[in-house]
Amino acid sequence: MTAEPVRVEDRDVELLARLGEAKKRLLQQVGRRIVGQHEVLEGILTAILSKGHTLLVGVPGLAKTLMVSTLAEALDLKFSRIQFTPDLMPGDITGTEIIEEDLSTGKRAFRFVHGPVFANVVLADEINRTPPKTQAALLQAMQEHEVTAAGTTYKLPEPFFVLSTQNPIEQEGTYPLPEAQLDRFMFELRVEYPSEAEEEEMVEETTGEEVATIKPVLSGADLIEMQQLVRRIPAPKIVVRAAVQLARMTRPGSDQAPPVVKEFVDWGAGPRASQYLVLGAKARAAGDGRPMADLEDLQHVALSVLRHRVIVNFAAEAAGRSASDVCTELIQGGAWMEPPS
């Protein structure tokens, strides 16, 4: 029996066109302050459209913080930056209760003061510099979009997403994120050094008197509407099957795992990776104004979804193979795109 062709409603066709145009304008506005880094910006926008969180990994001075704050301006969203340090406490993120006295009656009562996590765009700067107790304060916020304090649950504003940064070089005095928290991040994006031409342009622009102004492109309501559109974008069965196949191939105990995984991997990606692979493919298609995701979309987001979810073993370290190397070999091998026999 052949599958019926997928029909896209007229309102979604219009919204797809609006989304494609809005994405171009967003990148144009952010480009007024950020030189280059197109792949990273595309990845952040794809994650945002998927209602996912992003981990940015790069050495200091690559404008990771400026990139996030500029994007928040272009999206006309409330931005909050949390500088993670060893002495940061969970209440410094989520908020705390204070005793407040009513001057007219003299009565005292507790009042919850919202922390910086109550924003639309939360930048968790150098998230691995704070102990696990404080890192864990973000877990509920990232997963359920809410915060519980003193037995009361408070909803976070929508849209809500967390963008975290990490320095891959300096590891002294850091606390690596536990796997459960890493799994909450949809993408891990690597922020690389700019090219020579880009660096020259960046230096010229940032050492002059003029400061680029950013005009908002999308409101929070617009963004929520487009996030809902991404959920409605169809993913063909072949894309869903390929996503699940690829995620399962990263697990050394799976029958589908190739020799490179069995040799170098301790733990592979879980089912959340399969979900994010499909969501990322759908968001990329929607961002391009296309009404359906395909295997190329899936391949494009695969490395960002998988590399922080795959844990390599000692044999990989001895051979100089990273999780990113193993995932790249797996993705480029293409066996996951083949239909089942």
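The values are calculated or read from the model by the stated rules, or taken from the named source; none is laboratory data. Note that the structure is predicted; figures quoted are calculated from it, not measured. Note: ideal-geometry Cβ built from the backbone for every residue, glycine included; neighbour counts use all protein chains shown.
Values as computed for the structure displayed
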read-out: Contacts under 6 angstrom Cβ, first residue in the range 128-153 being closer than 23 Å to Tyr276 by Cβ and modelled with pLDDT of 85 or more, partner among the basic types (Lys, Arg) and surrounded by fewer than 14 Cβ atoms within 10 Å (Cβ to Cβ), 6 or more apart; value: Glu146/Lys155
read-out: Unique match (being surrounded by 14 or more Cβ atoms within 10 Å (Cβ to Cβ), assigned by TED's automatic domain parsing to the domain that holds Glu158 and at pLDDT below 85) among Arg32, Arg7, Arg11; value: Arg32
read-out: Residues of the range 287-310 classified as farther than 18 Å from Val40 by Cβ and either in contact with a Gly (Cβ under 8 Å, 6 or more places away or on another chain) or not assigned by TED's automatic domain parsing to the domain that holds Met337 (or both), total; value: 4
read-out: Every pair of residues 6+ apart whose Cβ atoms lie under 7 Å, when the first sits in the range 156-184 and is in the same structural domain as Pro60 (by TED's automatic domain parsing) while the second is acidic (Asp, Glu) and modelled with pLDDT of 85 or more; value: Leu156/Glu146; Thr165/Asp125; Thr165/Glu126; Gln166/Glu126; Asn167/Glu126
read-out: Lone unmet requirement of (1) assigned to a loop (DSSP other than H, G, I, E, B); (2) farther than 21 Å from Ile44 by Cα; (3) under 22 Å from the mean Cα position of the chain (by Cα) for Pro168; value: (2)
read-out: Qualifying residue in the range 271-283 (condition: among the small types (Gly, Ala, Ser), in contact (Cβ under 8 Å) with a residue 40 or more places away in the chain and over 30 Å from Leu330 (Cβ atoms)); value: no
read-out: Lone unmet requirement of (1) out of contact with any Phe, Trp or Tyr (no Cβ under 7 Å at 6 or more places or on another chain); (2) touching a residue at least 40 places away in the same chain (Cβ under 8 Å); (3) not assigned by TED's automatic domain parsing to the domain that holds Pro339 for Glu204; value: (2)
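Conditions (1) acidic (Asp, Glu); (2) more than 29 Å from Arg190 (Cβ to Cβ); (3) in contact (Cβ under 8 Å) with a residue 12 or more places away in the chain; (4) part of a helix (DSSP H, G or I), marked per residue:
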| site | (1), (2), (3), (4) |
| --- | --- |
| Lys24 | no, no, no, yes |
| Arg33 | no, no, yes, no |
| Leu41 | no, no, yes, yes |
| Leu55 | no, no, yes, no |
| Asp76 | yes, no, yes, no |
| Ile82 | no, no, yes, no |
| Glu100 | yes, yes, no, no |
| Gly106 | no, yes, no, no |
